[in-house]
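Contents: one structure, followed by commentary.
The values are calculated or read from the model by the stated rules, or taken from the named source; none is laboratory data. From a predicted model like this one, the values you see are computed outputs, not experimental measurements. No Cβ is skipped: glycine too gets one built from the backbone with ideal geometry, and neighbour counts run over all protein chains shown.
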Amino acid sequence: MISVTVILEVDPARVEEFLPIVKAQAEASCAEPGCLRFEVSQQLDKPNVFALSEMYEDRDAVEAHYGSEHFARWKASVSDGIIAHRTSSRGLVIDGAPEPQAEPEPDLEET
C-alpha cells in the first residue's frame, strides 16, 4: 500500500471557495479503483490549513490517480494562488494499526 499525506495552507480569505473544490476532489478520488482512502481534515486552530490523507493499493493506483481527469481539474482549480503553501509525503506503508475488532453481539436474552 502507498500512503500520501498532503498539507495545504489555503489563502485565509478563500477558504469558503476552497471547500467545494477539495470535497469534489475527495469524492472523485474515493470512486477510483485502487483508492482505499481519501480523507480531508481541516485544522482546528488554523481553519485555513487542510490535511489530505490518502491510501492506495499500489503504485499503479497512485499513478492512475495522478493521471485522472478529476486530478487535472483539481490542479487547474487550485493553480490560481488559492493554495499559499503545500507539503506532501508519499511512501510505502510498512506498519499500521490493526483492523478494529468487531464488537460482540449484545446478549438480548432477558435474565
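Odds and ends about this structure:
- Pairs where the first residue, in segment 61-72, is closer than 19 Å to G91 by Cα and the second is in a helix (DSSP H, G or I), C-beta under 7 Å, 6+ apart: H65/S29; H65/F71
- Total residues in segment 57-88, condition in contact with a strand residue (DSSP E or B) (Cβ under 9 Å, 6 or more places away or on another chain) and loosely packed, with under 11 Cβ neighbours inside 10 Å: 2
- Only one of E54, E39 that is within 16 Å of K23 (Cβ to Cβ), surrounded by fewer than 16 Cβ atoms within 10 Å (Cβ to Cβ) and in contact with a Ser or Thr (Cβ under 8 Å, 6 or more places away or on another chain): E39
- Enumeration of residues in segment 1-25 that are closer than 18 Å to S77 by Cβ and surrounded by 18 or more Cβ atoms within 10 Å (Cβ to Cβ): L8, V10, F18, V22, Q25
Every residue, every condition in (1) of a type in the set (A, V, I, L, M, F, W, C); (2) under 20 Å from I7 (Cβ atoms), yes or no:
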residue: P33; (1), (2): no, no
residue: Q43; (1), (2): no, yes
residue: L52; (1), (2): yes, yes
residue: H70; (1), (2): no, no
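- Boolean, G91 is over 30 Å from A13 (Cα atoms), small (G, A, S) and either in a strand (DSSP E or B) or modelled with pLDDT of 95 or more (or both): yes
- Taking (1) modelled with pLDDT of 95 or more; (2) over 21 Å from C35 (Cα atoms); (3) of a type in the set (A, V, I, L, M) in turn, A51 satisfies each apart from (2).
- Counting the residues of segment 48-64 that are closer than 24 Å to I82 by Cα and in contact with a helix residue (DSSP H, G or I) (Cβ under 6 Å, 6 or more places away or on another chain) gives 1.
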